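A short write-up of the structure that comes next.
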Amino acid sequence: MEFHQPVLLKETIENLKIKKNGKYIDGTVGGGGHSEAILKLNGNILGIDCDPEALDYAREHLSAACPFPDKSRELDVSWLLARGNFKDIDKIAKENNFDKVDGILLDLGVSSYQLETPERGFSFNNDSILDMRMDPDLKVTAKDLINILNKDELEKLFKKFAQEKLARRLAETIVDARRLNPIKSGLELAEIILKVKPRRGKIHPATQIFQALRMAVNDELNNLNEFLPKALQLLKTGGRLAIISFHSGEDRIVKQFLRQQEEKGIIKKIFKKPISPSFAEVRNNPRSRSAKLRVAEKV
Ligand SMILES: C[S@@+](CC[C@H](N)C(=O)[O-])C[C@H]1O[C@@H](n2cnc3c(N)ncnc32)[C@H](O)[C@@H]1O
């Protein structure tokens, strides 16, 4: 299985304007696809991820690209990896001597590896336990949420993160179904969702509900909100921030934050509208379809 195919790779790297020997933080290093591209342009990398399995893979991947201190590939730069949550980017950067940097990248959401590894419990296609924690040290899983939240709380979650019109009926159907036995697997939950939202097009009707659960388990919008002001603090003048989001709630947070900071004269946006993947990229990697890239420069 390929670990992850980096999304909007060329567009992101071009717009980060990588400087030779500059310092860059990849807050979601995942399989290291974006980080590798930065290294190859002679940028130094601090890669952060909350998932130790991602870090193991990234370590191997980046070692192959840049077996520091081997200079045989004429790379004169280094990389290091840190386990943590990007909401703590200020502390992680300081601990690793990356406290004034030339660029910061976030490529939000899950990797293909996480999504496709049954034991991680992200998928609606198998009977593994619903889990969805990107950081295995988190205490609450998707199975806990789906079985413990009451009807109103489930409805609120589906409305907030999935803008789901049938949120009330879905919440009722879930609460009815779990009266007999707790809902354990992605497959069981997907079957319950299909009772309310029958299959129509290519996209599985459970997709958005699963994404909503995942966002709640990992507290994704709050992480992003905490990250943004800290990231700006770390950037040098002329440093760039690039964020790839996959969810309208995430993109709204980034858009509003950048607008406010531009009004205060702290950043300038590199382009007004976000960049989306080309038709060719979406055809080649359907998971990129909802990606949006926003980039800003500290002034
Ligand atoms: C879409 S993948 C990144 C893929 C990467 N750009 C590549 O090219 O391989 C997102 C990664 O971010 C990690 N992640 C998500 N939220 C995080 C957070 N708040 N803090 C740290 N890592 C996070 C996930 O564990 C996952 O490995």
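The values are calculated or read from the model by the stated rules, or taken from the named source; none is laboratory data. Keep in mind it's a predicted model, so treat the numbers as computed, not measured. Backbone-built Cβ (ideal geometry, glycine too); neighbour counts: all protein chains shown.
Condition check: basic (K, R) and within 30 Å of E14 (Cβ to Cβ). Does K94 satisfy that? Yes; evaluated as a whole, the condition is true for this residue.
Here N218 qualifies as over 17 Å from K151 (Cβ atoms) and at pLDDT 95 or above.
Exactly one residue among G33, G109 is at pLDDT 95 or above and within 18 Å of the chain's Cα centre (by Cα), and that residue is G33. Looking at the structure I just gave you, is A54 at pLDDT 95 or above and crowded, with 16+ Cβ neighbours inside 10 Å? Spelling it out, A54 is indeed at pLDDT 95 or above and crowded, with 16+ Cβ neighbours inside 10 Å. Of all residues in the stretch 1-43 being polar (S, T, N, Q) and in contact (Cβ under 8 Å) with a residue 40 or more places away in the chain, which is surrounded by the most Cβ atoms within 10 Å (Cβ to Cβ)? Ranking the qualifying residues of the stretch 1-43, first place goes to S35. Residue-level check: of (1) part of a loop (DSSP other than H, G, I, E, B); (2) assigned by TED's automatic domain parsing to the domain that holds L108, L55 misses just (1).
In summary, P205 fulfils each of the numbered conditions (1) of a type outside the set (A, V, I, L, M, F, W, C); (2) touching a Lys or Arg at 6+ places or on another chain (Cβ under 8 Å); (3) at pLDDT 95 or above with the single exception of condition (3).
So T28 passes all but one of these: (1) within 13 Å of the ligand (Cβ to nearest atom); (2) part of a loop (DSSP other than H, G, I, E, B); (3) modelled with pLDDT under 95; (4) assigned by TED's automatic domain parsing to the domain that holds C66. Which condition number does it fail? T28 satisfies all of (1) within 13 Å of the ligand (Cβ to nearest atom); (2) part of a loop (DSSP other than H, G, I, E, B); (3) modelled with pLDDT under 95; (4) assigned by TED's automatic domain parsing to the domain that holds C66 except (3).
Tell me the residue from N126, N97 that is under 30 Å from T237 (Cβ atoms) and among the polar types (S, T, N, Q), please.
On the way: N126 fails: under 30 Å from T237 (Cβ atoms).
Selected residue: N97, the only one of N126, N97 that is under 30 Å from T237 (Cβ atoms) and among the polar types (S, T, N, Q).
Counting the residues of the stretch 104-145 that are assigned to a loop (DSSP other than H, G, I, E, B), within 16 Å of the ligand (Cβ to nearest atom) and buried (at least 17 other Cβ atoms within 10 Å of the Cβ) gives 12.
Do the conditions hold for K202, that is, is it more than 16 Å from the ligand (Cβ to nearest atom), closer than 29 Å to L145 by Cα, more than 15 Å from the chain's Cα centre (by Cα) and basic (K, R)? For K202, the condition - more than 16 Å from the ligand (Cβ to nearest atom), closer than 29 Å to L145 by Cα, more than 15 Å from the chain's Cα centre (by Cα) and basic (K, R) - is met.
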